[in-house]
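Data block below; observations after.
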């Protein structure tokens, strides 16, 4: 009977929070399919620790911490996605320049150009609205590291956007 109650509680939490977790995962990785995979990984790990996490409190923060760590671990395993080429290909001729994209699209594209650690800090601090201390605990770093990575990440984000170095995907 207790196991059924545990599963019901977890299922209710997962159904209520899955969409928000997936949105955060998308901001981290920039791909909806990867975001779904990250969300499922986070929920599986959360389920494994559900009894303890529920007793300790703040299940939401624990779930987001798992999500960010899964993203960073995945990025480390996969390495960089870029494949080196001898020559940079020329853009197709005859295409008109794309119309000015919305700021949201520009921000998303610029966020994807940041290193994963900066991206994780910025998503947790400014998208999830976490405090410096919460973010530091989630990433296992000091609050000073969170502050410096926030400042550096924001600075890089500004340079990317102001310099026009952001290419918005139209897929």
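The C-alpha radius of gyration of the stretch 103-162, expressed as a fraction of 2.2 N^0.38 Å, stands at 1.07.
Between residue 18 and residue 103, take the C-beta separation as r, use R0 = 45 Å, and let me know the FRET efficiency to the nearest 0.05. Write down the numbers at each step before the final one.
Numbers: r = 27 Å, r/R0 = 0.60.
Calculated transfer efficiency: 0.95.
Determine, from the Cβ-Cβ distance of residue 8 and residue 72 and an R0 of 30 Å, the FRET efficiency 1/(1 + (r/R0)^6), rounded to the nearest 0.05. Once rounded, the FRET efficiency stands at 0.45. If R0 is 22 Å, the Cβ-Cβ spacing of residue 156 and residue 32 corresponds to a FRET efficiency of close to 0.35.
Report the convex hull volume per residue for the stretch 2-78, counting only C-alpha atoms, in Å³.
Working: hull volume 6.3 nm³, N = 77.
Per-residue hull volume (Cα only) is 82 Å³.
Taken together, the values in this text are just the output of simple stated rules run on the coordinates, not laboratory data. Nothing here was measured: the structure is a model prediction, and the numbers come from that model. FYI the Cβ positions are ideal-geometry reconstructions off the backbone, even for glycines, and counts take in every protein chain you see.
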